[in-house]
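Okay, so here's the structure we're looking at.
The values are calculated or read from the model by the stated rules, or taken from the named source; none is laboratory data. The shown structure was predicted, so the numbers you read here are calculated from the model rather than taken from an experiment. No Cβ is skipped: glycine too gets one built from the backbone with ideal geometry, and neighbour counts run over all protein chains shown. For the accessible areas, the whole protein counts, side chains as well, though only heavy atoms, and no ligand, DNA or RNA atoms are used. Shrake-Rupley method; radii C 1.70, N 1.55, O 1.52, S 1.80 Å.
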Amino acid sequence: MINIFVTINVTADKRAKVLELLAELAAASQKENGNLRYQYYLHPTDPAQIVICERWENAAVLAAHEATKHFTTLLPQIGDLASSVDIDKF
């Protein structure tokens, strides 16, 4: 099992667009084979911070996820809008 935590920092003027892209990314990712969890959360006290929590069955399904169209198109757009993106895999 692979857990991934992605911390996204975004300015107020780009937050709505990032949330729109995240909603699309999460909806598509949740439908993937081997996805056990894909949710994003708004930080309760820091409006600039968003966290994605992912859980995948194994490395093979994660690799398949990372090759999907929604991953390869939406994640770069989010990265371009974000002030920073930090990814931790466990």
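Tell me yes or no: at least one residue of segment 11-18 is open to solvent by less than 40 Å² (accessible area, probe 1.4 Å), over 14 Å from residue 75 (Cβ atoms) and of a type in the set (S, T, N, Q). Don't jump to the end; show me each part of the working.
First, the residues of segment 11-18 that are open to solvent by less than 40 Å² (accessible area, probe 1.4 Å): 18.
Filter once more, keeping what is over 14 Å from residue 75 (Cβ atoms): none.
So far as segment 11-18 goes, no, none of its residues is open to solvent by less than 40 Å² (accessible area, probe 1.4 Å), over 14 Å from residue 75 (Cβ atoms) and of a type in the set (S, T, N, Q).
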Hits in segment 20-72 - residues which are open to solvent by 60 Å² or more (accessible area, probe 1.4 Å) and among the hydroxyl-bearing types (Ser, Thr, Tyr): 40, 41, 45, 72
List pairs: first in segment 33-58 and over 15 Å from residue 84 (Cα atoms), second in a loop (DSSP other than H, G, I, E, B) and among the charged types (D, E, K, R), Cβ under 6 Å, 6+ apart or cross-chain? 34/57
